[in-house]
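The values are calculated or read from the model by the stated rules, or taken from the named source; none is laboratory data. Predicted model, so just to flag it, every value in this text is computed and none were measured. Because the Cβ atoms are built from the backbone with ideal geometry, glycine has one as well, and the counts that use them run over all protein chains shown. When the accessible area is computed, the model is the full protein with side chains, heavy atoms only, and any ligands, DNA or RNA have been set aside. Shrake-Rupley method; radii C 1.70, N 1.55, O 1.52, S 1.80 Å.
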Amino acid sequence: MSAQTEQLVMAATTARGKAYVPYSGFRVGAAILAGGGVYAGANVEIASYPISVCAERNAIAAMIMGGERRIEEVVVVTAAGEPTTPCGACRQALWEFGSETDPIVTCVTMGGRRISNRLSELLPGAFGPSSFRPQPAG
Ligand code: THU
């Protein structure tokens, strides 16, 4: 693994420690490399469960606030037995800012297991920013 990936693993692991998960107890940390910067997020759960936000989408929000819009690499860290890949909604959200770069997504367990895939492998045949052009109303 590259030094850059290791930096993302560290950032995602730190973020995971800040997860707010009173309902599932399942902590997730994510880190995104964009424009040379590292942007991290953790999952935040809400008593009204469906409005909870995954770590990946919170990392995207941090990236946007950092002024970046082009995802170069992604790392997701959990303590599951097998690496946790991003949920379907997060794959779509990552594609919004990763369709041009098709970043490597590395999913890592606290126990040291890792799996890496291109985002396009996780979301084949994706609908994305280049799939349509705004049409005139009506
Ligand atoms: N979760 C993430 O944050 N990212 C994933 O990739 C999978 C699931 C969160 C959502 C919820 O807070 C908890 O994990 C259990 O589903």
- Query: Just one of the numbered conditions (1) open to solvent by 60 Å² or more (accessible area, probe 1.4 Å); (2) assigned to a helix (DSSP H, G or I); (3) within 12 Å of the ligand (Cβ to nearest atom) is not true of Q7; which one?
  - Reply: (3)
- Task: With the condition kept exactly as written, say whether any residue in segment 23-30 is without any contact (Cβ under 8 Å) to a residue 12 or more places away in the chain and either assigned to a loop (DSSP other than H, G, I, E, B) or surrounded by 15 or more Cβ atoms within 10 Å (Cβ to Cβ) (or both).
- Result: yes
- Where a residue in segment 51-71 is of a type in the set (S, T, N, Q) and its partner, wherever it lies, is open to solvent by less than 30 Å² (accessible area, probe 1.4 Å) and within 14 Å of the ligand (Cβ to nearest atom), with Cβ under 9 Å and at least six apart: S52/V21; S52/N43; S52/E45; N58/A15; N58/A30; N58/G41; N58/A42; N58/N43
- Filter segment 45-76 down to residues that are assigned to a loop (DSSP other than H, G, I, E, B), of a type in the set (D, E, K, R) and more than 9 Å from the ligand (Cβ to nearest atom), then give me how many there are. 4
- Failed condition for M110, given (1) out of contact with any strand residue (DSSP E or B) (no Cβ under 8 Å at 6 or more places or on another chain); (2) loosely packed, with under 15 Cβ neighbours inside 10 Å: (1)
- Residue, most open to solvent (accessible area, probe 1.4 Å), within segment 37-96, restricted to residues that are basic (K, R) and in contact with a Phe, Trp or Tyr (Cβ under 8 Å, 6 or more places away or on another chain): R69
